[in-house]
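What follows draws every value from the coordinates through simple rules; no lab data is involved. These figures come from a predicted structure and were not determined experimentally. Methodologically, a virtual Cβ is constructed for each residue, glycine included, from the backbone with ideal geometry; neighbour enumeration extends over all protein chains shown.
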Amino acid sequence: MTDQRRDRRIGKDDDRDPRHESRIREWSFTLFLAGAIAFTPPLMMVFDRPAMLFGLPLLYVYLFALWGALIFLAARIASHGRRHPRAPED
Amino acid sequence: MLQGWFILTVSFAYVGLLFAIAYYGDKRATEGRSLIANSPSIYALSIAVYCTSWTYYGSVGRAAVNGLDFLPIYLGPTLVFLLWWFLLRRILRISKANHITSIADFISSRYGKSTMLGGLVTVIAVVGILPYISLQLKAVATSFTVLLQYPDVVTPRTLPEVPVVGDLAFLIALLMSAFAILFGTRHIDASEQHEGMVVAVAFESLVKLVAFVAVGLFVTYGLRDGFGDLFAAAARDPDLARLLTMEASSGYPQWVTMTILSMAAILCLPRQFQVSVVENVNPRHLDRAVWLFPLYLLVINVFVLPIALSGLLHFPGGQVDADTFVLTLPMVERQEWLALLVFVGGLSAATGMVIVASIALSTMICNDLVMPILLRMTWLRLTEREDLTGLLLAIRRGAIVMVLLLGYLYYRFIGESHTLVTIGLLSFAAAAQFAPAIIGGIFWRGATRIGALAGLSLGFAMWIYTLLLPSFALSGWLSEAFIAEGPLGIGLLKPYELFGLDGLDYLSHALFWTMLFNIGGYVLGSVVSRQSVPEQVQAALFVDIHRHAGDQPGATFWRGTATVDDLVDLVGRFVGREQAKRAIADHAQQRNLKIGRNREADPALISFAERTLAGVIGAASARIMLHTVAQGEVVGIDEVMQILDETSQLLEYSRQLEQKSRALEAATAELRAANERLQELDRMKDDFIATVSHELRTPLTSIRSFGEILADNPDLEPEERDRFLAVIIRESERLTRLINEILDLARMEAGRMTWEMADIDPKAAIDEALAATASLFAGDDIQLSTRMPDALPLVHADRDRLIQVVVNLLSNAAKFTRGPDRRVEFEVRVEPGAITVTVADNGPGIAWGERERIFEKFQQAGESPTDKPAGTGLGLPICRQIVTHFGGRIWVESNPGNGAKFHFTVPLAGSKGGRADGTGRAAE
């Protein structure tokens, strides 16, 4: 790819409405912090017990459910504020 | 059915399919209908090259022993992707703006395009990643051997060793190097992007996911009635129930350690950097990868624990290696096709990693290790060669073959003795050494090359000592005593308990020491060293990327002289002449420039050429090459800082503003002082007028009174009349003298005095003054002692004024002598550059606080309302004016009660002590 095409693409990355950028920045950091706290002791220790929830080990459910929730939220905010959220890459 | 030949055929068919996909991807790219340009999902899937056979086989093995301990390796990357806005997005934009081709290039670019740093990173990467590559080969070989025994399930360790030629690992290594050479180094491209390879890797990610999930579904829903049933069965077995909590794990410290290591790995592993940064064609794709890649990780991990539990339930007593459960479970259930699918999935996990890692490493070895060295060997005359593309390709291809062969050798001689996870963590810890230099590099502007070099080399040294050497010892290459007793039996140096630090697992222990030395070296080194100019430029480009993203970075930093033709030649040698011409023409068109062949290239064009080159051979080499044609220098730091960014300009403005406001404050203070001084002067003027009026009125009053007496009494005695007339005459003289003095002083102060400055003999003037005052001393019976050399050198002065000063001082002294023994001493000394005249009396002296005041107008020592004024109060101020005008100095020494000593100096004729600088030079 030539240099010009690439430079244009960098420019294209900025089609995000700048007003949304600070929202995304806050969310990005919040999700990271939430994950970092949830996936490490001491919070993890709370769920570290030989109990079952819906027939599944409590710690297993806790880790995967939280993991899934973080991914869901990240998906919701990642393309936030794109002027053409679905175009043209799809 | 699962004969050796059949499995081999399937393997080759699969690899053949990969070749076809990669070929198709490349073909579409050259046709301009890129497969990946508009597909963020392919980008996200290619990042899933993170999941290697370690994930595929090793996670289950780990889960079977340590329960949930396999998870942090995937939680860490998820966390990093959640933080994408700060890290990945930033790194991506920096890399795109600077044409970064590898992680070594990134670090070397950030720290002033340092070749030494790029080389160091490359060495660390190669040494650190080799075990990882060997791990993939080992996994393929093991799975092949296990599958070959179908339907028997045998632990691979009990099998006889396969000769090298029939060794599948070796064949795979050869095939993968062929793939990497074909699709990784087919041609030299300015962007270092390999679309075919990316598409193939994304396809492999799908295959391994499908295969692994298929096994998961099979054990959960085929062998059991879903998750609940499987977990319930496990919970009934106390040995298995331990795996459902952290009880069986290696503990929380290692959990945290592995999270941190994997966070570093997802950024710093060369292959991850390759797929997520270098191969990225559109930064917007990150939007999808942010959630799709973590989702991929989640899905592939959901079934790890179920498969492990299922395996343990099926093969109690550990007769089967847990690393092979994924494969042996379908085998023991006689699911031929599933087993084959699993094998292919494992193959794809391994080959994907090997391909990307070898391409990434070969780029680094070529651009950051070999080329800089070759370019510096001037006798090779490489910089003058016509076409270097062939050389570049040869180096890269050689590097790929070398990396894979070394990986194979490592597997043959060392790798056999470790589990998959142990080897993988070794590599993770090595890659983590880059994290401080990268993260520090994009946030901390002051980080220096020296700091990065110190941190990396110290961290790497500690990695070798706490992880690599012990792993050699465990494989029997070193004596076991190295671990148990330390080198030479020194307990403090035990590699797993360094400096007596015990109680940590080996991994946390290693992470602590490597990071302590790495970050410590990095920070300390950066703090004590200074950045060179190129370092400062690069640091600003990297740290302030959000300000520079749109424009042409570095455009203004070259001030070189090169013709357009030179640049086309230079770039053409690396990317082909036609392509170079086109690129430069495109660039010129975009900027509406007309380019003549021999015209001088402007700095922006030189920068463009440099960046294009950097995309091929790395930033450090590109700069060396460019120096051969553009005899430029980087512009001065002040200019750079000014041009560079708005922040420093803003800072500059605010600094100036502060300076101005400080200056303003100072000016205000000065004004206030001046105002006070003015008020003081005003008061003094009032005082002066009051005093002058008073001084004038005194003689006038007596003249008038005596005049009236004479007028009113015409019949006064003649003696009486004469006495009164004498008084009138004396008072008139005093009045005249007073007015003369006031006029003199006013003229002097206003600078309107006419001076007759000449080189005169001071002795004559002083003698005249002594003669004029002689009657004064004789009349009052004062003893005057005079000490003066017989001859005095010439001085530069006004003769009459000099006499006036001496007379003034002598008459003053005569007035103030007291007591029965009235003495005045007069002395003249010759000193270097000046003569000093001293007049001393034995009067009451002058108090300390009055020594300056007496030189002011109408101020007399010991003045009090009752004292009768002994003079006009203008003599000393006039003396000071005169002496100062001569360039000399007048001052008084006195001990109250012991008389006063007046000194003044007059500069010698021709000496430098003229009036210009004479005021301050007289000796104290």
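The H on the amide N of B:T563, modeled in the peptide plane, is under 5 Å from the matching H of B:A601, each at least 5 residues off or on a different chain. Proximity of backbone amide H atoms, modeled 1.01 Å from N, is registered between B:V824 and B:Q783, B:L784, B:S785 at under 5 Å, excluding neighbours fewer than 5 places apart on the same chain.
Taking a threshold of 26 Å on the Cα-Cα distance, which of the pairs B:K138/B:K208; B:K763/B:K901; B:K113/B:K494; B:K857/B:K901; B:K113/B:K138; B:K27/B:K138 fall above it?
Details: B:K138/B:K208 17 Å; B:K763/B:K901 20 Å; B:K113/B:K494 38 Å; B:K857/B:K901 20 Å; B:K113/B:K138 37 Å; B:K27/B:K138 33 Å.
Beyond 26 Å between Cα atoms: B:K113/B:K494; B:K113/B:K138; B:K27/B:K138.
Under the criterion of Cα pairs below 8 Å and six or more residues apart, the relative contact order for region B:386-545 equals 31 percent.
If packing is taken as the average count of other Cβ atoms within 10 Å, what order do B:441-447, B:584-590 fall into, highest mean first? Mind showing how you got there, number by number?
Numbers: B:441-447: 19.4, B:584-590: 16.7.
By packing density, highest mean first, the sequence is B:441-447, B:584-590.
Note down the relative contact order for chain B as a percent, whole number, built from C-alpha pairs under 8 angstrom at least six residues apart.
Values: 1417 pairs, mean separation 129.4, N = 924.
That works out to 14 percent.
Averaged over the residues of peptide B:282-293, the number of Cβ atoms from other protein chains lying within 10 Å of each residue's Cβ is 6. Positive contributions from Lys and Arg (+1) and negative ones from Asp and Glu (-1), summed over other residues with Cβ under 13 Å from the Cβ of B:A248, come out at -3. Taking other residues whose beta carbon is less than 14 angstrom from the beta carbon of B:P714, and scoring Lys, Arg as +1 and Asp, Glu as -1, yields -4. Across peptide A:25-31, the average count of Cβ atoms from other chains found within 10 Å of a residue's Cβ is 4. Rounded to the nearest 10 degrees, the inclination of helix B:4-30 to the longest alpha-carbon principal axis of chain B is 40 degrees. Each residue of region A:67-80 is assigned a 3J(HN,Hα), and the resulting list reads 4, x, 5, 4, 4, 4, 5, 4, 5, 5, 8, 4, 9, 4 Hz, derived from the Karplus form 6.51 cos²θ - 1.76 cosθ + 1.60 (θ = phi - 60°), x at Gly and Pro.
Using the alpha-carbon atoms, what tilt in degrees (0 to 90, nearest 10) does helix B:875-886 show relative to the longest principal axis of chain B? The two axes meet at around 60 degrees.
Peptide packing for B:430-440, B:678-688, A:23-33, B:830-840 was compared via the average number of neighbouring C-beta atoms within 10 Å per residue; ordered from the highest value, the list is B:430-440, B:830-840, A:23-33, B:678-688. Per-residue packing, averaged as other Cβ atoms within 10 Å, sorts the ranges B:816-822, B:668-674 into the order B:816-822, B:668-674, beginning with the highest. I'd like the distance separating the alpha-carbon centroids of region A:35-62 and region B:684-755, in whole Å. Cα centres, region A:35-62 to region B:684-755: 112 Å. Note on B:248-259: average number of Cβ atoms from other chains within 10 Å of each residue's Cβ is 2.
Can you run the Rg to Rh ratio on the protein assembly as shown? Use alpha carbon positions and the Kirkwood inverse-distance Rh. Walk me through the numbers on the way to the answer.
Numbers: Rg = 48.0 Å, Rh = 35.9 Å.
Answer for the protein assembly as shown: 1.34.
Remark: region B:357-366, residue by residue, has Karplus-estimated 3J(HN,Hα) of 4, 5, 5, 4, 5, 5, 4, 5, 4, 5 Hz, where x stands for each Gly or Pro and the curve is 6.51 cos²θ - 1.76 cosθ + 1.60 at θ = phi - 60°.
Based on C-alpha pairs under 8 angstrom that are at least 6 apart in sequence, region B:33-145 has a relative contact order of 21 percent. Mind pulling the angle between the C-alpha long axis of helix B:646-712 and the longest principal axis of chain B? Nearest 10 degrees, somewhere in 0 to 90. For B:646-712 against chain B, the angle is about 10 degrees.
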